[in-house]
1. Once you order the gyration tensor axes a ≥ b ≥ c over the Cα atoms, which shape class does region 85-149 get: rounded for a/c under 1.5, otherwise prolate or oblate by comparing a/b with b/c?
2. Kirkwood hydrodynamic radius, region 30-90, all distinct C-alpha pairs: what's the number in Å?
3. For region 1-72, what does the convex hull of the Cα positions come to per residue, in cubic angstrom?
4. For region 1-134, give me the percentage of DSSP beta bridges that are antiparallel, rounded to the nearest 5 percent.
5. Please report how far the C-alpha centroid of region 1-71 lies from that of region 97-137, rounded to the nearest whole angstrom.
6. Carbon-plus-sulfur fraction of the accessible area of the chain, 1.4 Å probe, in percent?
7. For the Cα atoms of the chain, what angle does the longest principal axis make with the long axis of helix 5-19, in degrees from 0 to 90, nearest 10?
8. On a 0 to 90 degree scale, rounded to 10, what angle separates helix 53-65 from the longest Cα axis of the chain?
Amino acid sequence: MKTNQFMELALEEARAAGARGEVPIGAVVVLDGIVIASSGNRTRELNDITAHAEIAAIRMACEALGQERLTGADLYVTLEPCTMCAAAISFARIRRLYYGAEDPKGGGVDSGVRFYAQPTCHHAPEVYSGMSEVQAAEILRGFFQGKRD
């Protein structure tokens, strides 16, 4: 799948996160075609294991809009969200989730627990995978290769 302007911004956030020493994942929240918030991972910077790119962007978007839910908003993220982030996306009532690379080990959407397929999930966004998958995977591979070198 080709990239779009919002996924390109998520990729930029991922690159910036990697440059800060964070695992390079980026996320962008869009409402009515307007970017409301964007972030990369900030777990190390904030010493907060919940500061994944998705949750940071959701928090920023909720604050910007002055509400706890993001009904009608779309989320673009460079890597398949983990279970924690999948739950936050559900609780925020995100309309559509677009993600780049799959995460067979840590993903919670199409891999692992498949959070949105569980009967306890109250809201499941429309999910579109593979957007800018090659670019997202290359950013991650490069980051971890650099750690091994």
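The values are calculated or read from the model by the stated rules, or taken from the named source; none is laboratory data. Just so it is clear, the structure is predicted and the values come from calculations on it, not from any experiment. These area figures cover heavy atoms from the full protein model, side chains too; ligands, DNA and RNA do not enter into them. Shrake-Rupley method; radii C 1.70, N 1.55, O 1.52, S 1.80 Å.
1. Prolate.
2. Averaging 1/r across every pair of different Cα atoms and inverting gives 11.8 Å.
3. With only Cα atoms used, region 1-72 gives 93 Å³ per residue.
4. 55 percent
5. Using only Cα atoms to place each centre, the spacing works out to 16 Å.
6. With neighbouring chains kept in place, the figure for the chain is 52 percent.
7. Computed tilt is about 50 degrees.
8. 40 degrees
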